[in-house]
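Read the figures in this text as sums done on the coordinates, not as results from a lab. Please read these numbers as outputs of a predicted model, since none were measured by experiment. Cβ placement follows ideal geometry from the backbone for every residue including glycine, while neighbour counts extend to all protein chains displayed.
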Amino acid sequence: MINIDDFSKVEMRAGKILKAEPIPESNKLLKLEVDFGEEQPRQVLSGIAKYFPDPSLLVGRTVGFVANLEPRMILGLESQAMILAVSTDLGQFSLLSIDPAIPPGTKVK
């Protein structure tokens, strides 16, 4: 269990996926370019490739991200946020979708 002070440190934001492509060195990861309403888009690496054999289907979607994680190097690439998704033991999977009318960068409350 965490308390409300710990939870309030997690910054979840709407992000609009601008680009999505496989990473040749990995069959699990996709490289995303995500608009958070900042000066430059961020690069996000995510292990969702098996759910999106055609990564272009992600382009234009607005989904939830944890935006204030420390950047992490994966396969020599920097990941600058974490996408929010749910999955079940039965293989069901869903990204946490946000209405596309919500501007990129809007905080999830």
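3J(HN,Hα) couplings calculated from phi for region 63-71 with the Karplus curve 6.51 cos²θ - 1.76 cosθ + 1.60 (θ = phi - 60°) are, in sequence order, 9, x, 9, 8, 9, 10, 6, 4, x Hz; Gly and Pro show x.
Which part of region 46-60 falls in the paramagnetic zone of Ser97, meaning amide N under 17 Å from the point 7 Å along Cα-to-beta-carbon? Correct set: 51-60. When its C-alpha radius of gyration is set against 2.2 N^0.38 Å (N residues), the chain gives a value of 1.06. Across the chain, the relative contact order, built from alpha-carbon pairs under 8 Å that are at least six residues apart, equals 30 percent. Between Asp89 and Leu77, the simple label model (points 7 Å from Cα in the Cβ direction) yields a spacing of 3.2 nm. Estimated purely from DSSP H runs of n ≥ 4, each contributing -39500 (n - 2.57), the mean residue ellipticity at 222 nm for the chain is -500 deg cm²/dmol once divided by its residues. Using the Cα coordinates of region 49-109, the gyration tensor eigenvalues translate into equivalent-ellipsoid semi-axes of 19, 18, 13 Å, sorted from longest to shortest.
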